[in-house]
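Student: Attaching a single structure in C-alpha cells format; questions to follow.
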Amino acid sequence: MLRRTAPQRRGPVIQPVEGAPAPDRTRSDDILRAHRLAHTGGSTALLRWLGTRLGGWTGVLDPDGDAVAAGDGPPAGPEAALAARGAAELTARRVRSAVLEGAGATALLFALDGAGVLAAVLPRPHPPAASTLLADAAVPLALVLRAERAAQRAERVDAAESRAREAVLHLLMNGRLSVARQVAEALTPALPDPLRMYVVECPVGRRAAVTRICEELTARRAWLVRCPVYVRHLIVLVPTDLAATSTDHDPLAEALVAVAPDCVAGVSEEVHLGQAPAAYTQAFHALAVARGRGERHARFGAGAPEPELAAHEAGAGWAAALLAPLHRYVPRRPQDPGAQELRATAHAWLGFASHATRLLKIHRNTLATRLRLVESVLGLDLDRLADQAALSLALRLTPGGAAAGPADPGTTAPSGAGPSTRAAGPGTLDDVLRAAGPAAWARRQLAPLTGPDAPPEAWETVRTWLRHDAQLAPTAAALGLSVPGARKRLTRIEVLLERSLLQSPSARHDLWLAYRAQELA
C-alpha cells in the first residue's frame, strides 16, 4: 500500500504506478461509509451497500424470522429458511450474535437492541472480514431503524389527529354538539363558543406556516382543522375575544394572508357553536369576495340573515313534517345506512355536491345510491333545484334531526309528493315563503341585484340560471352566451351579492328560495 509523505516534509508527490493494485479498504473507511449511508439514505441504503460489499443478501428480521427491512427484497428459497431459523435461535437463546451454517451458505446474525436482527446470508466460504463489518454496521443501523420507526409513529399520530379533527367538524356540521365537544377536548383546545370562523385558502405547502402563525397569534386557543373537501383550505374557529371587531381592520386575517401571495381568507359573523354550519357558509361566501379584493381577506356582509333564522317560526312544522319519513326510516339490513347517516349524506351533498365523497369518505357510487334512497324516502327529485332548495331549508330548520319513532323497515313516503304540494304540517313550502319573515328576508337577499351598483343583466342572469337548475351550459344557451361568458357574469354577481355561486357550498339554494318568495309576493 502506498503511503503519503509526512506533512512537515517537502518533496515530490509519489504517484501510484499504473496497473498497480488498489489500496485496501480500511475498517475506518467502512465505518465512516456506514454512518454516512445511514444518515443520508436510511436503513435501505445501508443494507443495500452491505449486500453489495459482502456479495450476499442482508436484511433485518423480526424474532419470527420475517423480513422487516432489506436492501434488495427478501431472500429466496433455502436462504430465507436459513435466515429465519437463525433469527429465531438468536432470539430464543438471548445471545448477541450467531453464525449458522447451511448447505451452501452461511447466515451471520447480530442483535440490534430491540430493532430486530441484522442477518447476512453469504455464499460459503464467506469473507473473513464479514463479521467485523456487520458488527460495525449494526450500531448505525439500529439507530436509523429507531429513527425511522419513530417518524412512522409520528406520521400515524398526525394522521389520526387530522381524522379526529375532521370528525369533530363533521359532528358540528350535523348538529351533534355534545359529542363534538367531548372529542375536541381530548385534542385540545376546547371548541370556542361564541366564535368567528375563518376559512383560509393557501398553497398546500404553506398550510403549516399558516397554522403556526394562527397558533402564535391566538395563543393556541383557536381550533384548527384541515378542510376534508378542499385541500387548499384551512378552517379556523377563533374565540370572539381574539377576533377583530372592526370590519376594516383584522390583524389575524392580515397575518394569515401575508404568508403567501395567493393566500386569501374569509371571515364569518360572530355566532354560537350551534351555528357552525351557517358560520362555515358565511366564511366560504366571504372567501369568494376576498379573491377579488386587493387586501385578500373579507368579512361576511351582514345583509340578509340566514334563511333558517327568518323562516324558523313559519317553517319549523313544515320542515319536521317533510323530514318525518326520513327520521322514521329503518333500514332493511343492519349494514345499510340508517336515518342519521342518510340525513348526513344529504346535508353533505347539498353543501358540496360531488365533493361530498371526500367529506364522508365514501365512494361516488355509494353516494349516488344513498341519494336515490333519500329521494325514495322523501318523494323528491334531487336533480331539480327546487327540491334541493326545499330539502336544504328543511335540514337547516331541524339541525338536531328528530327522534326516530317506530316504523316498519324500509318505510318510504309516497312518490311524486314534491315539497310544494306536500301537506306538511302548517301548509306547504309556498306557505312558509309567503310569511312575513321569509318575504322580508327575500327582499334583502335580492336587493343587490337591482341596486345602483348592479349591472342591468344581473337580475335576469340569476333568474335564468336558477330556472335551469344552476347548470351553466343550458343557462348560457338561454342567455345567448358562451359558457365562459355566462361564468364571467356569475363571477361578477358573486362579488355583488357577496356570495359564492359557482363553487360549493353555493348560495343557489338560498337564491332559489328568495326568488320563489318574490314570485309569491
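Student: Can you sort LEU479, LEU145 by 1.4 Å-probe accessible area, starting with the largest?
Tutor: Numbers: LEU479 40, LEU145 10 Å².
If we order LEU479, LEU145 from most to least accessible, we get LEU479, LEU145.
Student: Going from most exposed to least, what order do ASP72, ASP510, ASP336 have by accessible area with a 1.4 Å probe?
Tutor: Result, largest first: ASP72, ASP336, ASP510.
Student: Over segment 208-290, what is the relative contact order in percent, taking alpha-carbon pairs closer than 8 angstrom and at least six residues apart? List each step's numbers first, then the result.
Tutor: Working: 75 pairs, mean separation 17.0, N = 83.
That works out to 20 percent.
Student: Also, quick follow-up: Assuming a ≥ b ≥ c are the square roots of the Cα gyration tensor eigenvalues, decide whether segment 278-383 counts as rounded (a/c under 1.5), prolate (otherwise, with a/b larger than b/c) or oblate. Mind showing how you got there, number by number?
Tutor: Values: a/c = 3.19, a/b = 1.55, b/c = 2.05.
Verdict is oblate for segment 278-383.
Student: Let me check against my output: what whole-number percent is the relative contact order of segment 251-404, with C-alpha pairs under 8 Å and at least 6 apart? Show your work: numbers first, answer last.
Tutor: Working: 160 pairs, mean separation 32.0, N = 154.
Relative contact order here is 21 percent.
Student: Quick one: angle between helix 177-187 and the longest Cα principal axis of the chain, in degrees between 0 and 90, rounded to 10, please.
Tutor: 20
Student: I've got another one for you. From the phi of every residue in segment 337-345, what ³J(HN,Hα) in whole Hz does the Karplus formula 6.51 cos²θ - 1.76 cosθ + 1.60 yield, where θ is phi - 60° and glycine or proline is x?
Tutor: Here the 3J(HN,Hα) series is x, x, 4, 5, 5, 5, 5, 5, 5 Hz.
Student: For the chain, report the accessible area per residue in Å² (1.4 Å probe, heavy atoms, rounded to an integer). Mind dumping the intermediate values first?
Tutor: On the way: 25570 Å² over 521 residues.
Here the residues of the chain average 49 Å² of exposed surface.
Student: Going toward the positive end of the dipole of the chain, with +1 on Lys and Arg Cβ and -1 on Asp and Glu Cβ, which of LEU224, GLY379, VAL271 do you reach last?
Tutor: Value computed over the given set: LEU224.
Student: If you don't mind, another one. Using only alpha carbon pairs under 8 Å that are at least six residues apart, calculate the relative contact order of the chain and give it in whole percent.
Tutor: Values: 813 pairs, mean separation 51.9, N = 521.
So the answer I get is 10 percent.
Student: Among the trypsin sites (Lys or Arg not before Pro) in segment 306-402, which ones are in a DSSP loop with at most 14 other Cβ atoms within 10 Å of the Cβ? Mind listing them?
Tutor: Values: sites: ARG328, ARG332, ARG343, ARG358, LYS361, ARG364, ARG370, ARG372, ARG384, ARG396; in loops: ARG328, ARG332, LYS361, ARG384.
Passing sites in segment 306-402 are ARG332, LYS361, ARG384.
Student: How large a share of the accessible area of segment 448-492, in percent, is made up of carbon and sulfur atoms when the probe is 1.4 Å and the other protein chains stay in place? It would help to have the intermediate numbers written out before the result.
Tutor: Values: 1350 of 2500 Å².
Here it works out to 54 percent.
Student: Next question. Rounding to the nearest 10 and keeping the result within 0 to 90°, find how far the Cα-based axis of helix 483-497 lies from the longest principal axis of the chain.
Tutor: Once rounded, one gets 70 degrees.
Student: Something else about it: Among [x] 21, 44, 21, 12, 2, 0; [y] 18, 36, 22, 18, 5, 0; [z] 21, 56, 22, 1, which one is P(r) over Cα pairs in 20 Å bins from 0, in percent computed from these coordinates?
Tutor: [y]
Student: Loop-only trypsin sites (Lys or Arg not before Pro) in segment 66-141, please: DSSP not H, G, I, E or B, and at most 13 other Cβ atoms within 10 Å.
Tutor: Numbers: sites: ARG85, ARG93, ARG94, ARG96; in loops: ARG94, ARG96.
Those satisfying the criteria are ARG94, ARG96.
Student: With a 1.4 Å probe and all protein chains left in place, how much of the accessible area of segment 236-344 comes from carbon and sulfur atoms, in whole percent? If you can, show how the numbers build up before the last one.
Tutor: On the way: 2240 of 4290 Å².
In segment 236-344, the share of accessible area belonging to carbon and sulfur is 52 percent.
Student: So how strong a dipole does the chain carry about its Cα centre when Lys and Arg Cβ are +1 and Asp and Glu Cβ are -1, to the nearest 20 debye?
Tutor: Working: 59 positive and 51 negative charges, 258 e Å.
Charge dipole, the chain, about its Cα centre: 1240 debye, nearest 20.
Student: Quick one: grab the alpha carbon gyration tensor of segment 51-138, order the square roots of its eigenvalues as a ≥ b ≥ c, and give me rounded if a/c is under 1.5, else prolate or oblate depending on whether a/b is larger than b/c.
Tutor: Judged from the Cα gyration tensor, segment 51-138 comes out rounded (a/c under 1.5).
Student: Can you give me the solvent accessible area of HIS355 with a 1.4 Å probe, rounded to the nearest 10 Å²?
Tutor: 60
Student: Further question: Measure nothing fancy, just the Cα-based angle from helix 312-327's long axis to the longest principal axis of the chain, in degrees from 0 to 90, nearest 10.
Tutor: Orientation of helix 312-327: about 60 degrees from the principal axis.
The values are calculated or read from the model by the stated rules, or taken from the named source; none is laboratory data. Computed from a predicted structure; not experimentally measured. Positions of Cβ are backbone-derived with ideal geometry, glycine not excepted, and every protein chain shown enters the neighbour counts. The protein model used for the area step is the full one, side chains on, heavy atoms only, and it has no ligands, DNA or RNA in it. Shrake-Rupley method; radii C 1.70, N 1.55, O 1.52, S 1.80 Å.
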